[in-house]
Amino acid sequence: MKKNIAIIGGGIVGSTAAYYLSKLDHKHEFNVTMYDDGKGQATKAAAGIISPWLSKRRNKKWYNLARDGATLLSDIAKETDMSKDIYDQCGTIITRDNQDKLNDLYQKALVRTKETKTIGDVFKLNANEVKSKIPLLTKSLPGVLVTGGARIDGGRFSKHLKNIAQSNNLKIVNKKVAINDEGKIQLEQDSIEYDYIIIATGAWMKNTLSNLPLEVDVRAQKGQLIELSTNSIHSNADMPVLMPEGERDFIPFSNGKLIVGATHENDKGFDLQPTSEVIDDLLASANRLVDGLNQENLVKIKVGTRAYTSDFAPFFGNIPQYENILVGGGLGSSGLTTGPLIGKLLAQSIVDKNNIDLDQYRKPIENYIKIN
Ligand SMILES: Cc1cc2nc3c(=O)[nH]c(=O)nc-3n(C[C@H](O)[C@H](O)[C@H](O)COP(=O)(O)OP(=O)(O)OC[C@H]3O[C@@H](n4cnc5c(N)ncnc54)[C@H](O)[C@@H]3O)c2cc1C
């Protein structure tokens with residue numbers, strides 16, 4: 001008997017879960033239906049930086065998740081033949097404003113190379129060497145280059161995986177749904193029962209679960225970034241991503257596109273309106289690195305909603321007391337890095353739950369979802 005599985009949310013978590021449910025479905029055991037509203041999706045708005053190794057975060061389980069997530073992204077890109085404009089291992093440079101901090105960062109990077117090959121090679125660069133890697137820059141600090149760093153286009157990455165899954169067992173319904181008080185999917189007037197439900201609704205998770213007696217620790221955070229065209233001053237080189245100390249992240253493309261951002265606006269929650277002060281602030285940050293950028297270079301403003309938990313760690317797995325409902329949420333500002341691994345783990349939790357160790361990557365789910 002085929003099992004019916006619903007996924008709510010078509011961002012990076014839901015899409016990767018769908019991809020793995022189609023891949024692991026050797027015996028054609030699953031019918032998978034994805035419900036996606038699409039509005040405000042963080043995955044489509046994201047900057048796209050994949051470079052977790054030198055993060056200042058101290059949560060070891062989060063680091064394991066992000067480190068193995070970065071490796072999984074690179075594997076998925078290879079196995080699904082992704083083009084360079086979806087996933088590009090272009091390298092990342094992280095700068096520091098004094099020599100001691102730079103040396104510490106470099107030492108940390110060398111230690112990380114022993115744990116994972118995905119980080120690639122590590123180089124300490126002086127300011128001129130950073131500028132030669134990113135000819136667009138007029139000013140720079142010294143930095144550390146990790147050649148395994150990557151940038152992805154989150155929206156296209158998810159679409160690519162959904163297309164593969166659709167050719168096997170995935171059906172997509174672009175509608176908003178809820179979980180009703182019986183733990184079924186409520187689609188308009190219809191209550192639909194599934195063998196398993198994966199909830200990957202990002203910042204909307206609290207809302208999705210509001211009919212069940214649960215307390216969910218997720219808050220929404222607005223993020224804005226700008227896309228500039230640098231064609232007038234551009235050199236057409238392949239360039240790494242720059243994470244400059246004290247400035248916004250700087251993501252240059254060889255076709256002249258430059259993304260700068262993103263903001264972390266806690267008080268603005270689900271608001272999707274771009275704001276002129278923020279655009280000015282992002283433009284000013286870009287201008288401190290590249291002379292002559294102004295409003296005329298502005299091409300697009302992207303706004304999305306991230307999901308955060310109280311301790312900034314994501315949560316995933318079965319919900320306590322609802323064994324057929326799984327969640328993956330609270331991914332915060334590194335969700336493109338951790339999301340694919342969370343999606344894969346959720347799919348494996350359905351297919352092969354006895355052979356999967358979620359606890360190497362997560363704190364107890366009861367820390368984030370409590371029974372009322
Ligand atoms: C501006 C910005 C920059 C970022 N930059 C980076 C970065 O450089 N690197 C990095 O690793 N991460 C980055 N992130 C974080 C990353 O984008 C997110 O953590 C990640 O995309 C979250 O994925 P998700 O699948 O959990 O949620 P989302 O991508 O938000 O997807 C959730 C989906 O569920 C849908 N949905 C919600 N409720 C319902 C419902 N009731 N019925 C049907 N559908 C529903 C939504 O419409 C949405 O499509 C950034 C985020 C933002 C906003």
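The values are calculated or read from the model by the stated rules, or taken from the named source; none is laboratory data. Because the structure is predicted, anything quoted here is derived from the model rather than measured. Methodologically, a virtual Cβ is constructed for each residue, glycine included, from the backbone with ideal geometry; neighbour enumeration extends over all protein chains shown. Remember, those area values only see protein heavy atoms, side chains included, never the ligands or the DNA or RNA. Shrake-Rupley method; radii C 1.70, N 1.55, O 1.52, S 1.80 Å.
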query = In region 133-160, which residues are over 24 Å from D100 (Cβ atoms) and outside any loop (DSSP other than H, G, I, E, B)?
reply = A150, R151, I152, G154, G155, R156, F157, S158, K159, H160
query = Does region 215-232 hold any residues that are of a type in the set (D, E, K, R) and closer than 25 Å to L136 by Cα, and which are they?
reply = E227
inquiry  = Looking at region 32-51 only, could you name the residues that are near the ligand (Cβ under 6 Å from one of its atoms) and among the charged types (D, E, K, R)?
reply    = D36, D37, K39
request  = Could you list, in sequence order, all residues of region 57-84 that are of a type in the set (K, R) and within 16 Å of G330 (Cβ to Cβ)?
outcome  = R57, K61
key: One residue from V303, V290, V278 being buried (at least 18 other Cβ atoms within 10 Å of the Cβ) and part of a helix (DSSP H, G or I)   = V278
task = Quickly run through region 172-189 and pick out the residues that are open to solvent by 60 Å² or more (accessible area, probe 1.4 Å) and closer than 26 Å to S158 by Cβ.
result = N174, K175, K176, E188
key: Subset tally (residues that are crowded, with 22+ Cβ neighbours inside 10 Å and either more than 24 Å from G269 (Cβ to Cβ) or among the hydroxyl-bearing types (S, T, Y) (or both)) for region 326-343   = 7
